[in-house]
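Asker: Okay, handing you the structure first.
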Amino acid sequence: MKLIILDQGGVINKDSIAIANKSSEWSPILGSLEAIAYLNQMGYRVVVASNRSCDRKMMDISAFNAINDKMCKAANQAGGRIDAIFFSPQSNIEKYNCGKSLITMFEEIALRFYADLKNVFIVGDELRYLRAAEFVGAIPIMVLTGKGKKTKNAKSLPKDTKSFTDLASFSDTFIK
């Protein structure tokens, strides 16, 4: 089984300073839903590892589920499927290390899908995603959407990080 792990904000949907707290505010990045469909066609199980609960604002679980429901339905309409969505139950970034939370999520995904993370692509737009991917032995993929353009200039990028314009360009050029 082939597995790919995607960040949500900045990779699948538009990311902004104001976090979308309602499903009506959720908006996909152009080509991201079609990229998910293509990944499925290439035999990948697509999993989302969301750091929403570690972000700047807390969100209640019903709003989180409504946004994810809208995202999954949009992916389905584009011919794709999101196999699972994982999130951190932690609600305060000051009290909990978000990088550790991502590592824990990635390890949980590996357990649930019986996957060895060393051959798994983890796609993100933030340094903490890329570092966590490296830590668990996965393949870090950076997209320049969301916070990616800023992240690209980080001095501590994992050395094997590959960079792509967006999720669509990654799936079109790297997945064969």
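Asker: What's the extension gain from ALA63 to LEU111 if we count 0.36 nm per residue and subtract their Cα-Cα distance? Please report the intermediate quantities before stating the final value.
Answerer: On the way: separation 48, 0.36 × 48 = 17.28 nm, distance 2.71 nm.
Extra length available between ALA63 and LEU111 comes to 14.6 nm.
Asker: What value, in deg cm²/dmol to 500, does the helix sum -39500 (n - 2.57) over DSSP H runs of n ≥ 4 give at 222 nm once divided by the residues of the chain?
Answerer: -10500 deg cm²/dmol, from helical runs alone.
Asker: If you bin the C-alpha pair distances of segment 2-174 every 10 Å from 0, what whole percents do you get?
Answerer: Over segment 2-174, the share of Cα pairs per 10 Å bin runs 10, 42, 40, 7, 0 percent.
Asker: Would you calculate the separation in nanometres between label points at LYS2 and ALA154, each defined as 7 Å from the Cα along the Cα-to-beta-carbon direction?
Answerer: 2.6
Asker: In debye, nearest 20: dipole of the chain around its Cα centre with unit charges on the Cβ of K, R (+) and D, E (-)? Display every interim value, and only then the final one.
Answerer: Values: 24 positive and 18 negative charges, 63 e Å.
Using only the charged Cβ atoms, the result is roughly 300 debye.
Asker: Mind checking which of GLY9, ALA63, ALA168 is farthest towards the positive end of segment 2-174's charge dipole, using Cβ charges of +1 (Lys, Arg) and -1 (Asp, Glu) about the Cα centre?
Answerer: The listed residue farthest towards the positive side: GLY9.
Asker: Along the principal axes of its C-alpha atoms, what lengths does segment 92-172 span, in descending order and rounded to whole Å?
Answerer: Here the spans come out as 33, 30, 20 Å, largest first.
Here, each number is a calculation from the coordinates, and none is a lab measurement. Remember, predicted model here, so these are calculated numbers, not experimental data. As a convention, Cβ positions derive from the backbone with ideal geometry for all residues, glycine included, and neighbour counts pool all protein chains shown.
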